[in-house]
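To start, the structure under review is shown below, and the notes come after it.
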Amino acid sequence: MASRYLQINRLRIMRRGHTAYDQNFHPGVNIIRGENGSGKSTISDFIFFILGGEFDDWKDAASQCDEVQAEIETSNGKLVLKRATSSAQQPVAVFFGGFEDASKSVLDRWEIFPLRRSGNKESFSQVMFRTLGIPEAQSDGASNITMHQLLRLCYSDQRTPAMRIFRYESFDTQSIREAVGDLICGISGYELYEIGLEIRDKEKEFSKIDAKLSSLLGALKLENALANPASINAKLRELAAEKTRLHDEIENVDRHIDTGEVGNFLAERKAARARLSKQREAITSLEGDISEIEFELREIAQFQTFLEEQQFKLAAAQLSFDVVGAIAFSHCPACGKEIVTPDVEDHCYVCKESLDPDIEKARYNQIRLDLEIQTRETNQLLSQKNGSLTEKLSEIRKMRSQHKRDLTQYQVKYSGPNGPREAFLAERTNRIGHIDAEEAYLLSTLKVAEEIEALSASKASVQKDLDIKNARAAALRTTAGKRRTVALSSVSQIAAAILRSDLPRQDEFISAKDVSLNFKNDANSVDGTYNFAESSNVFLKNATIFSLFLAAMKDDAFYHPRFLLFDNIEDKGMQEERSHLFQKLIVEHATAFEAPFQIIFTTSMMNPALELQDYVVGPAYTHENRSLDLGIPETKA
């Protein structure tokens, strides 16, 4: 296959049906020169736009134009492109042929392509990628990799901060930058990018399922034996069989009751009454225990408060002793009379009693330790009592619940004039009522349990898909890493050589060895250093973009269009001689290759040695002779 390349042969800009700009370009280096503010950047923006750039931030003069036309050429032939400038998403009209044939064709042979894929309609990016021999996106997820994204690594403009490699845009993602950089470096296909999108979607799906599953499991409070639909259905069948048996016993009650049942009935009633009596006694005893514990807890709380107050008072008393003991009174604090007795060391200034500071400190320490011991023991006792209260409350709840059930059963079976027959029927009828309630509860939870089972299966399936995709992604990353290393090593070597060719304006460039390019983070560095003087940042950025192009010229495995557009060579206070040097480096390095390519750059500091017909495009623009001719000829009468 012939080397892929992209070049513009002719660019025409229209305003209300009249030509505002019309110039032929040539293979190789193309220089658009002129004064600052004469419209050079405007032409660069129009080139970016006609090649698929999503752009609508037109300057005043450019905003008066309404259409861009261009004849472009690739290794697969010529195309003519036509695009209205009314919005960044305007579709592109494509004619498969040259400008001359296109001008003779009004509608036939022109096809309209949207910038992005839409349904089954092919996009302009797909057309261009196929024409350039660059792998095209096969999925909707990877369709974000467009000509616009590709050109962001081929167009160095003035709007983008000097420390960024990609042309700046507001809505940008690391994954897209990495995918575009990998594509240009020759990492074929989009599988790694696509599988990354799929993994992200699967992880979102997994999190959603997991959250819903956790919520349902929290709401479904079943014992382990009834934690799945199968066990619930088995329990429902068991209850249905029991209910059938009970209905049969009710229907054939006389067959189950005989005269001997009366004695049994009376004995059972007496035993049931005794059991209820014992339950009431036990509940009363527990209530007494709980009341006693609650009373003790209140007393303990009061004692805790007392201990806290005593500790506070002790600290205040010791502080007072320390302060008062250091004051030499001249008058008695009680009666106000002057103290005339001479002061004696280690004696009270007022009453003259002997004072021993060590004894006083020991006394306070003893009291404090005693209070701390009492506090610790009180806290231990409080913890024990609280634990005991919790146990008693749990026990009385269970006992009251059991007593209530037994009392209900007793009332149904033994209260009133019921005999053995009536008790037999009441007992089974009561059990049927309980079964109905249990069935209703199980049926209501069966739906939730079935949903949990389905979600669990889905979760396992998604996890399996994630495992497969992560394994595939890891394998792809390994393969991509090898190619990325080869490509970026070549770029690094070329860029370092270009930096070493720079004028001695930046110390780090003089002996540069490694230029690291990180597509994901949109950054590059020289031997680990990232930031330099602004003009040096511009030089480094352009050297890096140019080196990516040169590496692609050497290695056909790159998917670079071998097209560059520079509109920032003199950005950020670049000195004239440094600009002349970079222009010279572009020409020297690029023209060393025989393979076709095109580089277009603008300059207001034209290197006189390059003022040749082989390089320049159009006249040198001035404020009087701008790039766009917006005058409209008068119509002849």
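The values are calculated or read from the model by the stated rules, or taken from the named source; none is laboratory data. It should be emphasised that the depicted structure is a prediction, and the values quoted were computed from it without experimental measurement. Because the Cβ atoms are built from the backbone with ideal geometry, glycine has one as well, and the counts that use them run over all protein chains shown. With ligands, DNA and RNA removed, areas are computed over all heavy atoms of the protein, side chains included. Shrake-Rupley method; radii C 1.70, N 1.55, O 1.52, S 1.80 Å.
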Its Cα gyration tensor gives the range 434-526 an equivalent ellipsoid whose semi-axes in whole Å, largest first, are 64, 15, 6
Between THR529 and GLU100, the FRET efficiency computed from the C-beta separation at R0 = 56 Å comes out, to the nearest 0.05, as 0.60
Would you please give the FRET efficiency between ALA475 and SER118, computed as 1/(1 + (r/R0)^6) with r the Cβ-Cβ distance and R0 = 35 Å, to the nearest 0.05? 0.60
Once each part is reduced to its C-alpha centroid, what is the distance from the range 567-615 to the range 229-250 in angstrom? 91 Å
Rounded to whole Å, give me the distance from the Cα center of the range 14-53 to that of the range 487-532. 31 Å
For LEU466 and GLN384, what is the calculated FRET efficiency with R₀ set at 60 Å and r taken between the beta-carbons, to the nearest 0.05? 0.70
Labelled set [x] 143; [y] 453; [z] 171; volume of the Cα convex hull per residue in Å³ computed from this model equals the value at [y]
Rounded to one decimal in nm, the spacing of the 7 Å Cα→Cβ label points at LYS361 and ASP614 is 9.8 nm
For the chain, what is the calculated [θ] at 222 nm in deg cm²/dmol (nearest 500), taking -39500 (n - 2.57) for each run of four or more DSSP H residues and dividing by its residue count? -19000 deg cm²/dmol
Cross-link reach list, lysines versus LYS459, counting only Cα pairs under 25 Å and skipping chain neighbours closer than eight places: LYS202, LYS204, LYS208, LYS212, LYS221, LYS447, LYS469
Lys and Arg at +1, Asp and Glu at -1: add these up for the other residues within a Cβ distance under 10 Å of ASP182 and post the number. +3
Can you give the charge dipole size of the chain about its Cα centre, rounded to the nearest 20 debye, using +1 on the beta carbon of Lys and Arg and -1 on the beta carbon of Asp and Glu? 1860 debye
Taking the simple approach of a point 7 Å from Cα along Cα-to-Cβ for both GLU268 and LEU503, what is their distance in nm? 11.3 nm
Pick out, in residue order, every one of the trypsin sites (Lys or Arg not before Pro) in the range 76-132 that is DSSP loop and has at most 16 other C-beta atoms within 10 Å; say none if there are none. ARG109
Residue-by-residue Karplus 3J(HN,Hα) for the range 567-572, coefficients 6.51, -1.76, 1.60, Hz, glycine and proline x: 10, 9, 4, 9, 6, 6
Per principal axis, largest first, the Cα atoms of the range 10-64 extend in Å by 30, 24, 24
For a paramagnetic label modelled at 7 Å from the Cα of ASN625 toward its Cβ, which residues of the range 29-62 fall within the zone defined by backbone nitrogen distances under 15 Å? 32-36, 38-40
Extreme residue, positive dipole direction of the chain, given options PHE509, GLN69, ASN430 (C-beta unit charges): ASN430
Percent antiparallel among DSSP beta bridges (both partners in the chain, rounded to 5): 75 percent
Quickly work out the GLU292-to-ASP60 label distance, labels modelled 7 Å from Cα along the C-beta direction, and quote it in nm with one decimal. 9.9 nm
Send over a whole-number figure in Å² for the accessible area per residue of the range 474-568, probe 1.4 Å. 38 Å²
Taking placed amide H atoms and a strict 5 Å upper bound, the residues 5 or more places from GLN7 or on another chain that come that close are GLU73
Contact order relative to length of the range 38-185, as percent, for alpha carbon pairs under 8 angstrom and 6 or more apart: 16 percent
Which residue, chosen from GLY97, GLY336, PHE582, occupies the Cα position most advanced towards the positive end of the dipole of the chain, where the dipole is computed from +1 (Lys, Arg) and -1 (Asp, Glu) charges on Cβ about the Cα centre? GLY97
Leaving out ligands, DNA and RNA, and with a 1.4 Å probe, what % of the accessible surface on the chain is carbon or sulfur? 51 percent
